[in-house]
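*Asks:* Got a structure here, written out as structure tokens. Questions coming.
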Amino acid sequence: MTSDRNLDDALRAVARHGGRGMIHAATEIRRRGDTRRRRRHVAAVAAGAVLVGALGAGAVVIRLAGAPHTIPVGPAEPTPIPTDPTPAPATTPSGSGPSSPSAGPTSGASSPTSGTSSPPGSDTVLSGQRQVTIVRVSDQAAGLSLLDDGRLAEVDGDEGRQLFVFAPQGPDTYLIRTAEPGTDDLTDTCWEVRSSGSQPLRVVAAPCAPEEPRQQFSIVRDGQRNGAPTYAISNHSAYLQNSATRGLILEELGDAPLTTRFRFVDNGAAPG
């Protein structure tokens, strides 16, 4: 082209003028310029790629160096309200006291069952203020009487002393005193356990002695018969039982069941 020739001539003139030798043609100069520009462009692109890579790596490093991910924590459990480990005392209906275990003697699994027993202390007939007759629980049983010879036996008539007062001596423990019909005084005669050699223990009449262990009888309410409460009578693990051949005796039950229980029939206020 015309411009290239003009440039070539001008350059030759400059070369001649400067005495520096031959000047390359304009096309060669342009080719070299284009080559340098391409090299600079490639270098710039490479530098940009390196910069972008460096920035990306820096971002990764910054992200890794940041705060660690935390596991989400759920809402806190409600704080349990402390409770008093001491149970509240049971209340009893007005007019009735708490139940207490029977203090009667025990003699293994055959003693009166606690499931049917109730404290006799709540019974009026055991208050010491009533005189009662004692009847063995049986369809044809007679009443108990301290006979004139001192033995305790069952009778159908009016012989002996048949009215008794339970004088409390402690929890479920009583003296069993006799009352004289038609009088206002208690007698000084009480039940007492007596042994006689190889014979079974029996109940006999004796002067009242509250400190005498043989006169301290345990009375445990144990079931009912025809709607009336029934009781077991014992003295130091020996229960008052009826023997078909020996009458009323006291014996330890061992593995035998309790077979004799009694009803108490209220006969009015005890003598004062």
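*Asks:* Of all residues in the stretch 166-209, how many are touching a residue at least 60 places away in the same chain (Cβ under 8 Å), more than 17 Å from S237 (Cα to Cα) and of a type in the set (S, T, N, Q)?
*Replies:* Looking only at that region, the number is 1.
*Asks:* Sticking with this structure for a sec: Quickly run through the stretch 154-165 and pick out the residues that are touching a residue at least 40 places away in the same chain (Cβ under 8 Å) and open to solvent by less than 20 Å² (accessible area, probe 1.4 Å).
*Replies:* Once the filter is applied, which keeps residues that are touching a residue at least 40 places away in the same chain (Cβ under 8 Å) and open to solvent by less than 20 Å² (accessible area, probe 1.4 Å), the stretch 154-165 yields only V165.
*Asks:* Could you pull out the residue among A244, A206 that is touching a helix residue (DSSP H, G or I) at 6+ places or on another chain (Cβ under 9 Å) and either at pLDDT 95 or above or among the hydrophobic types (A, V, I, L, M, F, W, C) (or both)? Break it down into steps so the answer makes sense when it comes.
*Replies:* Working: A244 fails: touching a helix residue (DSSP H, G or I) at 6+ places or on another chain (Cβ under 9 Å).
Checking each option against the conditions leaves just A206.
*Asks:* For the stretch 173-272, please list each of the strands (runs of 3 or more DSSP E) lying entirely inside it that holds at least 2 residues being open to solvent by 50 Å² or more (accessible area, probe 1.4 Å). Give the steps one after another, and end with the answer.
*Replies:* Values: elements: 173-179, 186-196, 199-207, 217-225, 228-235, 238-243, 247-251, 262-269.
The qualifying strands (runs of 3 or more DSSP E) are 186-196, 199-207, 217-225, 262-269.
*Asks:* Going by the structure shown, is P168 open to solvent by 20 Å² or more (accessible area, probe 1.4 Å) and assigned to a loop (DSSP other than H, G, I, E, B)?
*Replies:* For P168, the condition - open to solvent by 20 Å² or more (accessible area, probe 1.4 Å) and assigned to a loop (DSSP other than H, G, I, E, B) - is not met.
*Asks:* What about A142, is it of a type in the set (G, A, S) and surrounded by 15 or more Cβ atoms within 10 Å (Cβ to Cβ)?
*Replies:* In short, no.
The values are calculated or read from the model by the stated rules, or taken from the named source; none is laboratory data. Just so it is clear, the model here is predicted, and its values are computed rather than measured. When we count neighbours, we look across all protein chains shown, and the Cβ atoms used for this are built from the backbone with ideal geometry, even at glycine. Surface accessibility is based on the protein's heavy atoms, side chains included, excluding ligands, DNA and RNA. Shrake-Rupley method; radii C 1.70, N 1.55, O 1.52, S 1.80 Å.
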